[in-house]
């Protein structure tokens, strides 16, 4: 399907068409993945989880009864995506695979991502860039659902020809230091077919919060997804702060799961979680935003 060297997959087209306009994509062939039978289907799994087709619309996931009831963090994250028009057009697979929104990359400047020899954001306009896991490129991943999927412990099924493989969501996104020319683990000709939510993540206590600059329809300056599973375990992930959805250190999650935290403990855990943050010259405010989101999530999940 995507074996043609100049072919690119099309979901809703909300990012691909912009990438073509920005000169980041020059496909000679576009393959519409929505024509694959059942590619937008949401169906239960034997363990009580869900299989979500990659062509499922973001709006449909935000309003799906089963997702709202059992995987609320994902529903809330999907509801936070862009504008109503973008949610009706965009697909889950496309949202996960969208390119970064760094204005240097999008406006055709020479940088690491475009084959250049530097990151212009390092000393330039970097107020929206990474404070964690940055370098040599300091992009942040723009997806809201991806943050929720990391907190839920989802996995991604990818296909190339007749071969299918399963990728844990935390391994799906790659750091610039490991691979500068792409943001996901997908190989050439490979595309996302399904996202799988495990039954163990259903129910419990779930949340997604997002801080944006404008009143609506904007990418996250910082966001958080949190899940306290039925077995009491906790998973937390931050968005808008790193080149991939950033999983909070497991030791912090374990302390949140222990519950019974006083306010000093909440403050200390949020500070500890962000110990490795290295803000650039103009985005130190993101550390404060992330800490605020963490404190609120910890209070809610530890209550």
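The values are calculated or read from the model by the stated rules, or taken from the named source; none is laboratory data. Every value quoted in this text rests on a predicted model; they were computed, and no experiment measured them. Counting neighbours? That spans all protein chains shown, and the Cβs are built from the backbone with ideal geometry, glycine included.
Every listed requirement among (1) at pLDDT below 90; (2) surrounded by fewer than 17 Cβ atoms within 10 Å (Cβ to Cβ) is met by residue 24 save one, (2). Answer yes if at least one residue in segment 79-88 is buried (at least 17 other Cβ atoms within 10 Å of the Cβ) and outside any loop (DSSP other than H, G, I, E, B), and no otherwise. Yes, segment 79-88 contains a residue that is buried (at least 17 other Cβ atoms within 10 Å of the Cβ) and outside any loop (DSSP other than H, G, I, E, B). Which members of segment 105-116 meet the condition of being closer than 23 Å to residue 223 by Cα and either surrounded by fewer than 19 Cβ atoms within 10 Å (Cβ to Cβ) or modelled with pLDDT of 95 or more (or both)? Listed by number, the list holds a single entry, 106.
On the stretch given as segment 187-209, residues that are touching a helix residue (DSSP H, G or I) at 6+ places or on another chain (Cβ under 8 Å) and in a loop (DSSP other than H, G, I, E, B) total 3.
For segment 152-181, filtering for residues that are touching a residue at least 60 places away in the same chain (Cβ under 8 Å), over 26 Å from residue 117 (Cα atoms) and more than 13 Å from the chain's Cα centre (by Cα) leaves 2.
Considering segment 187-220, and only residues there that are within 30 Å of residue 117 (Cβ to Cβ) and within 15 Å of the chain's Cα centre (by Cα), the residue that is surrounded by the most Cβ atoms within 10 Å (Cβ to Cβ) turns out to be 220.
When restricted to residues that are in contact with a helix residue (DSSP H, G or I) (Cβ under 8 Å, 6 or more places away or on another chain) and either assigned to a helix (DSSP H, G or I) or in the same structural domain as residue 134 (by TED's automatic domain parsing) (or both), segment 259-289 contains 8.
Entry remark, segment 89-104: residues being in a helix (DSSP H, G or I), in contact (Cβ under 8 Å) with a residue 40 or more places away in the chain and surrounded by fewer than 20 Cβ atoms within 10 Å (Cβ to Cβ) number 1 in total.
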